[in-house]
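Notes follow once the structure below has been shown.
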Amino acid sequence: SFAEFARRAGATELPDLLEAAAAYATFVEGQDGLSRPQILRRAASVHADADMSREEGLRSFGHLLNSGRIRRLGRGRFAVADETRYATLARTSGE
């Protein structure tokens, strides 16, 4: 499950959870692109602060886009960067 993956990856802060959520969907589930709401919902499902605000999620997502950790595919679709630090763990989790 994603919760187990996030725990094993040590992703506890929101930006890390967002990146891990995108990596999990890409490498474990084989999804080619994700919507921002999909990534935000998955990260929120395991975020320690159950009261995570939409603003906080969008701000963290924007930071990941600006830093290149998540990339825009177009038409509201996004993907984790190929060089994400979660790639190895995600690929072995999918086997």
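The apolar share of the surface of the chain, taken as the fraction of accessible area on carbon and sulfur atoms (1.4 Å probe, ligands and nucleic acids excluded), comes to 44 percent. The amide H of residue 70, built 1.01 Å from its N in the peptide plane, has 65, 81 as neighbours under 5 Å, considering only residues 5 or more places off or on other chains.
What the phi angles of the range 34-46 give under the Karplus curve with 6.51, -1.76 and 1.60, with θ = phi - 60°, is a coupling list of 10, 8, 4, x, 4, 5, 5, 5, 5, 5, 5, 5, 10 Hz, glycine and proline written as x.
Here, P(r) means the percent of Cα pairs in each 10 Å bin from 0 to the largest distance; for the chain it is 18, 56, 25, 1. Accessible surface calculations at 1.4 Å, restricted to protein heavy atoms, place the chain at 57 Å² per residue.
The values are calculated or read from the model by the stated rules, or taken from the named source; none is laboratory data. Predicted, not measured: the structure shown is a model, and the values here were computed from it. Side chains are part of the model used for accessible areas, which takes the heavy atoms of the whole protein and leaves out ligands, DNA and RNA. Shrake-Rupley method; radii C 1.70, N 1.55, O 1.52, S 1.80 Å.
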